[in-house]
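Report on one structure; see the data block that follows.
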Amino acid sequence: MMVNRFMWEDIELGIFRENKRIRCAVKFENVLEVKSRNISQKKKDKILELLSIDSEVKNNKKELLITFAGNNEIILIVEEINILLDDVGLPWKVKHVPKHKI
């Protein structure tokens, strides 16, 4: 999955600079099953705003809940939690800091 990630790193360290985003590849490994809620498979070009990735155990199964703005979700049943994030390309300047209710 490709996402545009807000670069929080400097803000969290108290370093103030121009706000930036960067493309980021997100890879989920050891996936056994995929479910979705409120995501239309017919709208393949629709861009979703990733808000969070949470984990929990339900019925002895490990689940990753990937939440997007607009009450859209992907649920991954995984053997083990193994997620790779890798920034791709160069960052670009943005005006606003994200402020989503999660």
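Taken together, the values in this text are just the output of simple stated rules run on the coordinates, not laboratory data. Bear in mind that the values here come from a model prediction, so they are computed numbers and not experimental data. Methodologically, a virtual Cβ is constructed for each residue, glycine included, from the backbone with ideal geometry; neighbour enumeration extends over all protein chains shown.
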Over 22 Å (Cα to Cα) among Lys27/Lys99; Lys20/Lys99; Lys27/Lys61 -> Lys27/Lys99
Label-reachable residues, segment 1-45, where backbone N falls under 12 Å from a point 7 Å from His100's Cα toward its Cβ: 3-6
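How much length, in nm to one decimal, is gained on full extension between Ile11 and Asn60, taken as 0.36 nm per residue of separation minus their Cα-Cα distance? All intermediate terms of the calculation are to be shown ahead of the outcome.
Numbers: separation 49, 0.36 × 49 = 17.64 nm, distance 3.80 nm.
The Ile11-Asn60 span can extend by a further 13.8 nm.
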To the nearest 20 Debye, how big is the dipole of segment 2-93 about its Cα centre, given +1 on the beta carbon of each Lys and Arg and -1 on that of each Asp and Glu? 540 debye
